[in-house]
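Readers should treat all values here as calculations from the given coordinates under stated rules, not as data from a laboratory. Because the structure is a prediction, the values reported are computed rather than measured.
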Ligand SMILES: [Zn+2]
């Protein structure tokens, strides 16, 4: 292994590229009527979120801000939950 092999971040293998989808009981998709609903982390245009989504038609039932126990994103900035500065936007 050369020094370049240690410095370049390679694409993670299949073992590391997965999403744990937690089944949600007692919910029904309003679009297709399926009860196969799951909650899992996503990357969203407004930042990392947890989504509650139908697994048959992928209709989003909810998009939630992740709680600390969701561990998403796994590497948070120390100021992640801080309120915006009063100087910002007056
Ligand atoms: Zn559906």
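With an 8 Å cut-off on Cα pairs and a minimum separation of 6 or more residues, tell me the relative contact order of the chain in percent. Numbers along the way, then the final one.
Values: 98 pairs, mean separation 14.5, N = 90.
Across the chain, relative contact order equals 16 percent.
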Problem - Cα-Cα P(r), the chain, percent of pairs per 5 Å interval - result: 3, 11, 16, 15, 15, 13, 10, 8, 6, 3, 1
